[in-house]
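Visitor: Following this message is one structure expressed as structure tokens.
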There are 4 protein chains.
Amino acid sequence: MDLPAWEPRRVVAMAADLPDGVTPPGTRGRILEAGLELFAESGFAGASIRQIAGMVGINSATLYAHYPSKGHVLAELVRIGHEEMWARLTEAAARTRDDSAARQLAALVRAHVLVHTDYPLLAVVTNGELHALDPELAAPSLRLRDECRHLLAEVLERGAKNGEFSVDDPLLAVTAIGGLGVQVAHWFGPALGRTREQVADQYARFALRIVNADQ
Amino acid sequence: MDLPAWEPRRVVAMAADLPDGVTPPGTRGRILEAGLELFAESGFAGASIRQIAGMVGINSATLYAHYPSKGHVLAELVRIGHEEMWARLTEAAARTRDDSAARQLAALVRAHVLVHTDYPLLAVVTNGELHALDPELAAPSLRLRDECRHLLAEVLERGAKNGEFSVDDPLLAVTAIGGLGVQVAHWFGPALGRTREQVADQYARFALRIVNADQ
Amino acid sequence: MDLPAWEPRRVVAMAADLPDGVTPPGTRGRILEAGLELFAESGFAGASIRQIAGMVGINSATLYAHYPSKGHVLAELVRIGHEEMWARLTEAAARTRDDSAARQLAALVRAHVLVHTDYPLLAVVTNGELHALDPELAAPSLRLRDECRHLLAEVLERGAKNGEFSVDDPLLAVTAIGGLGVQVAHWFGPALGRTREQVADQYARFALRIVNADQ
Amino acid sequence: MDLPAWEPRRVVAMAADLPDGVTPPGTRGRILEAGLELFAESGFAGASIRQIAGMVGINSATLYAHYPSKGHVLAELVRIGHEEMWARLTEAAARTRDDSAARQLAALVRAHVLVHTDYPLLAVVTNGELHALDPELAAPSLRLRDECRHLLAEVLERGAKNGEFSVDDPLLAVTAIGGLGVQVAHWFGPALGRTREQVADQYARFALRIVNADQ
DNA sequence: AATGAATGAGCTTTCATTCAT
DNA sequence: CATGAATGAAAGCTCATTCAT
């Protein structure tokens with residue numbers, strides 16, 4: 001097996017993409033993208049307002065015409081990340097509401113993985129820099145995050161109840177399956193030689209096996 | 001299912017423990033423990049030399065009598081973390097050298113999980129702050145890290161070859177199984193209501209299912 | 001003879017003057033003047049950024065909006081000093097190009113002395129703090145300095161060749177005549193009771209005698 | 001004429017020599033020599049106690065078993081430098097007490113130059129770092145320094161009175177002749193291709209010409 | 001005589017932020 | 001909308017010096 005050399009970076013991916021339609025126009029949006037790249041690379045504390053401004057090509061004071069503080073840039077990124085995740089998982093759950101638990105679980109895991117392959121920098125910031133946010137700025141994201149975890153918990157319970165799944169410890173299954181997706185953001189990239197679909201499908205199968213679902 | 005409220009912290013665990021026998025005596029060791037706690041909580045860039053010194057109860061200048069720079073404190077933590085992980089995985093692999101691939105995989109995953117439950121702060125720093133290290137200070141740890149990944153890859157290949165495992169995409173299986181353990185450090189703690197053994201056993205079973213081993 | 005008491009200071013003069021037209025306007029110029037005074041008095045290493053800022057009446061951080069480092073303040077002073085010296089010597093040499101070597105030597109020494117009486121602090125910094133400068137920042141000044149020494153060497157050679165001067169060891173004559181002027185910056189001041197012109201004329205006569213020119 | 005490239009160093013010479021018989025034995029003497037080298041190269045403020053200790057091969061705390069402070073190391077160097085200068089000039093003046101003023105002036109200048117060629121580092125520190133010394137530590141040296149200047153002033157006055165010399169402005173002649181010697185310490189070295197005697201003889205002749213003595 | 005550990009003060013520089021223009 | 005200048009606070013680190021051993 002060819003293990004690609006492990007890189008001591010927080011994210012392997014390069015493009016600081018944001019979901020369609022959420023990037024504000026003009027300078028405000030470019031600040032957001034620069035913040036995304038730098039926060040993903042160096043963490044919130046490790047990135048400076050001057051670095052962000054420099055990447056955008058503006059004076060650091062100009063940033064304050066668009067965001068009231070460095071923390072608010074992070075807050076907007078974290079909000080966008082959580083909303084995208086929540087939207088995709090909610091959509092996947094709704095779309096498969098009447099399917100078997102197995103199909104719904106697969107859909108949720110696929111959605112979960114794909115949001116991490118599509119926006120790896122955003123995912124790394126969203127998952128890893130929440131601690132740097134003022135509690136009041138973090139609160140809305142925390143609510144979305146809890147809803148996402150409950151979506152996963154609910155399908156596991158449904159499958160356990162109706163006999164599709166055989167789960168010894170549902171809580172650990174949630175942490176495992178959730179954790180699988182989170183890690184994807186760190187290493188997914190073109191060097192891997194796998195498409196986003198391939199990873200999503202494979203990880204969905206892993207999840208089904210974790211809960212002993214027939215496949 | 002009772003999902004405990006998700007906490008916006010990098011580590012849930014509290015005790016800034018280091019493996020037996022590696023903590024240097026006296027002030028040097030206390031600096032290491034304080035650095036561990038603060039780097040785990042706030043990241044390398046988010047923790048200041050004065051905070052570390054304050055936690056130890058020394059003047060910030062005194063720190064430099066023991067370590068030549070802030071980066072060297074991190075470097076020692078990262079080195080310890082990688083050596084512990086490497087030692088445990090190597091031991092597990094050696095102990096099960098003559099067993100089936102399934103038993104060896106289980107042993108590796110158990111060891112991997114246990115090192116994350118036993119030293120969660122160290123694991124978070126070891127996995128998450130390597131990027132902040134000067135390349136020359138990081139190099140030895142990167143070598144150990146690659147060896148660990150190869151241990152896992154080798155047992156997967158052995159099981160795939162001898163028919164114990166059925167793996168579509170071995171590389172993705174490595175990332176998945178490896179990723180499972182890494183995440184443990186973030187949420188394992190007393191509030192979870194699971195012992196370290198319970199988590200390790202369960203995760204070992206998850207891994208075996210991921211590779212379709214008979215159990 | 002009334003020898004004024006010798007003072008253990010690097011410069012006796014007080015006014016931290018810079019040549020006309022080179023002081024930048026506003027804060028940037030006041031930083032330069034404060035740096036001049038403090039570097040002259042205490043040397044580069046002995047003067048702190050906070051002292052400079054305090055003398056200007058600004059926060060020490062503000063200094064960095066005008067100069068990228070303490071070394072760059074020194075670099076600008078050293079550059080100004082060398083350019084003024086070079087300009088005056090070049091002008092003196094050009095003005096007397098068609099005169100006798102004796103008249104040209106006198107003009108050069110007068111110019112050399114006058115630049116030291118007019119800007120003694122600048123001369124002390126320019127001559128005495130070059131060693132503290134990064135080589136790349138020092139390079140342009142070193143070139144000017146070498147050109148100045150060659151101006152002096154050339155007139156000595158001309159006078160030696162055409163019989164106006166009688167010089168045993170031209171190299172030592174250059175060091176002696178050059179050294180005469182350099183020292184002036186340390187002790188010239190109002191307490192001396194001599195005008196700049198008196199010193200310049202007298203030293204020019206000294207130089208002519210050193211090379212045995214008819215007067 | 002081959003002007004050697006001008007070097008942006010405070011002293012060109014290398015050997016950190018002290019006069020015979022004054023270097024204290026053992027560590028105390030090695031501290032003095034290390035201080036001499038570093039103070040000459042970087043100035044008092046630019047050299048640290050740890051650098052000195054490092055050069056000696058001792059712990060910086062050990063230095064305080066030999067000298068009560070960094071300033072006292074400088075003070076001892078400055079004292080030694082002034083005593084050597086005073087001793088040599090006094091001896092030269094005494095030896096030529098009954099000679100012509102011209103011969104006495106030549107002897108004084110020769111002695112002055114030779115002390116600068118023989119101990120250039122010491123001379124640079126002695127002349128250039130007095131300002132960094134506490135006034136009470138500097139006082140004895142200042143007295144010696146004034147005596148030296150008076151020796152020179154006296155012979156000039158004698159020569160002027162008895163008609164050997166023709167001096168317009170004795171004070172400026174003192175500054176000029178004194179300044180000649182001081183500068184020697186900065187550039188004298190093996191690269192010059194002149195012996196100490198050659199320089200001393202030549203500079204003595206320069207001095208006689210400055211005062212219009214018959215030669 | 002020498003040391004390692006410790007310290008308070010200070011260093012140069014960068015931080016996020018403000019404000020007048 | 002954008003800027004240059006400014007700031008208080010704090011960053012990592014070095015300073016000369018002290019002290020118990």
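Visitor: Might you let me know whether the range A:154-168 holds any residue that is basic (Lys, Arg) and within 22 Å of A:ALA13 (Cβ to Cβ)? Spell out the reasoning first.
Guide: Here is the first cut: in the range A:154-168, the residues basic (Lys, Arg) are A:158, A:161.
After this cut, where a residue has to be within 22 Å of A:ALA13 (Cβ to Cβ) as well, the list is none.
Scanning the range A:154-168, I find no residue that is basic (Lys, Arg) and within 22 Å of A:ALA13 (Cβ to Cβ), so the answer is no.
Visitor: Looking at the range A:194-213, which of its residues are in a loop (DSSP other than H, G, I, E, B) and out of contact with any Asp or Glu (no Cβ under 7 Å at 6 or more places or on another chain)? It would help to see each step written out before you state the result.
Guide: First, the residues of the range A:194-213 that are in a loop (DSSP other than H, G, I, E, B): A:194-195, A:211-213.
Residues satisfying the conditions are A:ARG194, A:THR195, A:VAL211, A:ASN212.
Visitor: Quick one: what pairs do we get from the range D:50-62, first residue in contact (Cβ under 8 Å) with a residue 40 or more places away in the chain, second open to solvent by 50 Å² or more (accessible area, probe 1.4 Å) and of a type in the set (Val, Ile, Thr), C-beta under 8 Å, 6+ apart or different chains?
Guide: Qualifying pairs under 8 Å: none.
Visitor: When you scan the range A:150-180, how many residues do you find that are of a type outside the set (A, V, I, L, M) and either within 9 Å of chain B (Cβ to nearest Cβ) or in contact with a strand residue (DSSP E or B) (Cβ under 7 Å, 6 or more places away or on another chain) (or both)?
Guide: Of the residues in the range A:150-180, 9 are of a type outside the set (A, V, I, L, M) and either within 9 Å of chain B (Cβ to nearest Cβ) or in contact with a strand residue (DSSP E or B) (Cβ under 7 Å, 6 or more places away or on another chain) (or both).
Visitor: Still on this structure, please answer the following. Among the candidates D:VAL184, D:VAL155, single out the residue that is more than 19 Å from the chain's Cα centre (by Cα), in contact (Cβ under 8 Å) with a residue 60 or more places away in the chain and not in a loop (DSSP other than H, G, I, E, B).
Guide: On the way: D:VAL184 fails: more than 19 Å from the chain's Cα centre (by Cα).
None of the other options fit; the residue is D:VAL155.
Visitor: Same structure again: If you scan the range A:80-117, which residues turn out to be within 11 Å of the chain's Cα centre (by Cα) and open to solvent by 50 Å² or more (accessible area, probe 1.4 Å)?
Guide: Hits for the range A:80-117 are A:GLU83, A:TRP86, A:ARG88.
Visitor: Before we move on, is D:PHE39 within 16 Å of DNA strand E (Cβ to nearest atom), of a type in the set (Phe, Trp, Tyr), within 17 Å of the chain's Cα centre (by Cα) and open to solvent by less than 40 Å² (accessible area, probe 1.4 Å)? Quick ask: steps written out before the conclusion?
Guide: Working: within 16 Å of DNA strand E (Cβ to nearest atom): no; of a type in the set (Phe, Trp, Tyr): yes; within 17 Å of the chain's Cα centre (by Cα): yes; open to solvent by less than 40 Å² (accessible area, probe 1.4 Å): yes.
So D:PHE39 does not fit the description; no.
Visitor: Follow-up. Which one of these does A:ALA13 not meet: (1) part of a helix (DSSP H, G or I); (2) more than 15 Å from DNA strand E (Cβ to nearest atom); (3) open to solvent by less than 30 Å² (accessible area, probe 1.4 Å)?
Guide: Just one mismatch for A:ALA13, condition (1).
Visitor: May I ask you to list pairs of residues, at least six apart or on different chains, whose Cβ atoms are under 7 Å apart, with the first in the range D:31-47 being within 14 Å of D:HIS66 (Cβ to Cβ) and the second being open to solvent by less than 10 Å² (accessible area, probe 1.4 Å) and of a type in the set (Asp, Glu)?
Guide: Note: no pairs meet the criteria.
Visitor: Follow-up. Is it the case that B:GLU136 is more than 10 Å from chain A (Cβ to nearest Cβ), open to solvent by 10 Å² or more (accessible area, probe 1.4 Å) and within 24 Å of B:ARG10 (Cα to Cα)? It would help to see each step written out before you state the result.
Guide: Numbers: more than 10 Å from chain A (Cβ to nearest Cβ): yes; open to solvent by 10 Å² or more (accessible area, probe 1.4 Å): yes; within 24 Å of B:ARG10 (Cα to Cα): no.
No; evaluated as a whole, the condition is false for this residue.
Visitor: Please determine whether any residue of the range D:164-176 is within 20 Å of D:LEU130 (Cα to Cα), open to solvent by 40 Å² or more (accessible area, probe 1.4 Å) and touching a Leu at 6+ places or on another chain (Cβ under 9 Å). Spell out the reasoning first.
Guide: Pass one, the range D:164-176, residues within 20 Å of D:LEU130 (Cα to Cα): D:175.
Filter once more, so that each one left must be open to solvent by 40 Å² or more (accessible area, probe 1.4 Å): none.
No.
Visitor: At the interface with chain D (Cβ under 10 Å from one of its Cβ atoms), part of a helix (DSSP H, G or I), of a type in the set (A, V, I, L, M) and surrounded by fewer than 23 Cβ atoms within 10 Å (Cβ to Cβ): is that true of C:ALA191 in this structure? Working first, answer last.
Guide: Working: at the interface with chain D (Cβ under 10 Å from one of its Cβ atoms): no; part of a helix (DSSP H, G or I): yes; of a type in the set (A, V, I, L, M): yes; surrounded by fewer than 23 Cβ atoms within 10 Å (Cβ to Cβ): yes.
No.
Visitor: May I pose another question? Would you mention how many residues in the range D:71-108 are farther than 27 Å from D:ALA40 by Cβ and out of contact with any Ser or Thr (no Cβ under 6 Å at 6 or more places or on another chain)?
Guide: We begin by selecting, within the range D:71-108, every residue farther than 27 Å from D:ALA40 by Cβ; these are D:93-107.
Subset that is out of contact with any Ser or Thr (no Cβ under 6 Å at 6 or more places or on another chain): D:93-102, D:105-106.
Within the range D:71-108, residues that are farther than 27 Å from D:ALA40 by Cβ and out of contact with any Ser or Thr (no Cβ under 6 Å at 6 or more places or on another chain) number 12.
Visitor: Could you give every pair whose Cβ atoms fall below 9 Å, whose first residue belongs to the range D:1-12 and is more than 7 Å from chain C (Cβ to nearest Cβ), and whose second residue is in a loop (DSSP other than H, G, I, E, B) and open to solvent by 50 Å² or more (accessible area, probe 1.4 Å), counting only separations of at least 6 or pairs across chains?
Guide: Qualifying pairs under 9 Å: D:ASP2/D:GLY193; D:PRO4/D:GLY193; D:VAL12/D:PRO4.
Visitor: Okay, next question. Mind listing whichever residues of the range B:49-71 are more than 17 Å from B:GLU129 (Cβ to Cβ) and surrounded by 18 or more Cβ atoms within 10 Å (Cβ to Cβ)? Don't jump to the end; show me each part of the working.
Guide: Within the range B:49-71, the first condition is being more than 17 Å from B:GLU129 (Cβ to Cβ), and the residues that meet it are B:50, B:53-66, B:68.
Once the filter is applied, which keeps residues that are more than 17 Å from B:GLU129 (Cβ to Cβ) and surrounded by 18 or more Cβ atoms within 10 Å (Cβ to Cβ), the range B:49-71 yields B:ALA53, B:VAL56, B:LEU63, B:HIS66.
The values are calculated or read from the model by the stated rules, or taken from the named source; none is laboratory data. Bear in mind that the values here come from a model prediction, so they are computed numbers and not experimental data. For neighbour counting, all protein chains shown are included, and Cβ atoms are generated from backbone atoms with ideal geometry for every residue, glycine included. What goes into the accessible areas is simple: the full protein's heavy atoms, side chains included, and nothing from ligands, DNA or RNA. Shrake-Rupley method; radii C 1.70, N 1.55, O 1.52, S 1.80 Å.
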